[in-house]
């Protein structure tokens, strides 16, 4: 089986995964948003004017993961079994790390859903805090684990 995003005319196409085996698939992605210490304290205390930043970011990340197929042109519309977002606050280095875990049973993986989920969660934090912190930086969005299919990859 050869997988390519090009048809015989050299134009874009969605990869046909119909011959692949359905397996349980899991992907984990992480990313960080760095911010001012005062902003981080407001997030931790829940005192940001726009509301509970991490609760809203969690819902945003889940919604983003669910809409991946609609955002990334050649992504398959897959049945997601589960999506979760977790946050770790690092007060020493002034960042919040978001982790998105995506799960499915199917013929294609959920790496893009995990990466999109973590990206949207971080963007939601940015959106909710930008009025008080203009210097936030989103960094290090990456896949850290992929299980299922032909290969398992654990990068962290």
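Which value in nm describes the separation of the simple spin-label points at residue 12 and residue 59, placed 7 Å from the Cα toward the beta carbon?
3.2 nm
Mean separation of Cα pairs under 8 Å and 6+ residues apart, divided by the residue count of the chain: what relative contact order is that in percent?
Once normalised by length, the contact order is 37 percent.
Take every Cα pair under 8 Å in segment 1-79 that's 6+ residues apart, average their separations, divide by the length, and report that relative contact order as a whole percent.
Value for segment 1-79: 24 percent.
Taking 7 Å along the Cα-to-C-beta vector as the label spot, tell me the residue 52-residue 81 distance in nanometres, rounded to one decimal.
Taking the two extended label points, one gets 2.8 nm.
Report, to two decimal places, the Cα Rg of segment 74-145 normalised by 2.2 N^0.38 Å (N = number of residues).
Scaled against compact globular proteins, the figure is 1.26.
Using only the alpha-carbon atoms of the chain, report the extent along each of the three principal axes, biggest first, to the nearest angstrom.
54, 29, 22
How many nm is it between the label spots at residue 130 and residue 156, if each spot is 7 Å from the Cα in line with the beta carbon?
2.5 nm
Values quoted throughout were computed directly from the atomic coordinates according to the rules given, and no laboratory measurement underlies them. In this text, all values refer to a predicted model and were calculated from it rather than measured experimentally. Positions of Cβ are backbone-derived with ideal geometry, glycine not excepted, and every protein chain shown enters the neighbour counts.
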